[in-house]
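Beneath this line is the structure, given in structure tokens, with notes to follow.
The values are calculated or read from the model by the stated rules, or taken from the named source; none is laboratory data. It should be emphasised that the depicted structure is a prediction, and the values quoted were computed from it without experimental measurement. We place every Cβ from the backbone using ideal geometry, glycine too, and count neighbours over all the protein chains shown. Note: areas computed on protein heavy atoms with side chains; ligands, DNA, RNA excluded. Shrake-Rupley method; radii C 1.70, N 1.55, O 1.52, S 1.80 Å.
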Amino acid sequence: MHIMTGKDAVGGGLRERKKRATRAALAEAAVRLAAEHGADQVTVEAISAAAGVSVRTFFNYFDSRDDAFVVVDADASERVRQAFLAAPPGLPPLEALREALAAELREAERQHELWSLHARVLRSAPHLLVRNLGAQMADESGLAEAIARRIRAEDSSVPSEGDSGRAAPGLYPRLLAPVAGTAVRVSVQHWCERADEVSYAEVFREVFDLLAAGLPAPAR
């Protein structure tokens, strides 16, 4: 569930906000240049210049050029996991996850153009699409562990698995994590195609309402 968030979507100290802003500026520059020229034609030097920083600064945030196209916000998934774990006790996992994701995605509508460009860049570069899929799977694995941890914490009858206190995800966490990731991707895609007709918040809410209801067939 690789999330593209706004530059000022979260709080923190001044230094952390500046770091997030620099990373966001580099990622945005990379996406815009790739959408205009093609990802293979974009260099680290061009991305850095467009963002107004040095090449050295670029490598403080990304290990490679391709990471700038894919790893848009390396901290977003951790923020979602922490918000999910901090949700009020007794809240069903799907609802807690919806609230955690909604908080992270609150800047989505402001970034409609950038979301669309990012999707176009990934579609036009198969190797980036593969990297993005790998990043999503890693995010979902971490989220599944968080879901398992929350379930275990709320139900003492659930046995602890794994070592070092780390929750080994069972079937439910392993299913819920990618389902939530898919829900985000589907809601973004649907909204990008109909941004003039509906708000992103409405689409996001409807998607999770459908999941909560068990995906009933639509009325004819």
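I want to confirm something. Restricting to the range 135-190 and keeping residues that are modelled with pLDDT under 85 and of a type in the set (A, V, I, L, M), which single residue is surrounded by the most Cβ atoms within 10 Å (Cβ to Cβ)? Top of the filtered list is Ala167. For the range 58-106, the candidate set comprises residues that are part of a loop (DSSP other than H, G, I, E, B), within 28 Å of Val198 (Cα to Cα) and open to solvent by 50 Å² or more (accessible area, probe 1.4 Å); within that set, the residue that is modelled with the lowest pLDDT is Arg106. For the range 38-57, the tally of residues that are free of Cβ contacts under 8 Å to residues at least 12 places away in the same chain, surrounded by 12 or more Cβ atoms within 10 Å (Cβ to Cβ) and assigned to a helix (DSSP H, G or I) stands at 3.
In the range 118-131, the residues that are in a helix (DSSP H, G or I) and modelled with pLDDT under 95 never reach a residue that is surrounded by fewer than 17 Cβ atoms within 10 Å (Cβ to Cβ) and of a type in the set (Gly, Ala, Ser) with C-beta atoms less than 6 angstrom apart, at least six apart or across chains.
Figure legend. Inter-residue proximity from the range 208-220: first residues farther than 15 Å from Pro93 by Cα, second residues in a loop (DSSP other than H, G, I, E, B) and open to solvent by 70 Å² or more (accessible area, probe 1.4 Å), beta-carbon distance below 7 Å, spacing 6+ or different chains. No pairs are indicated.
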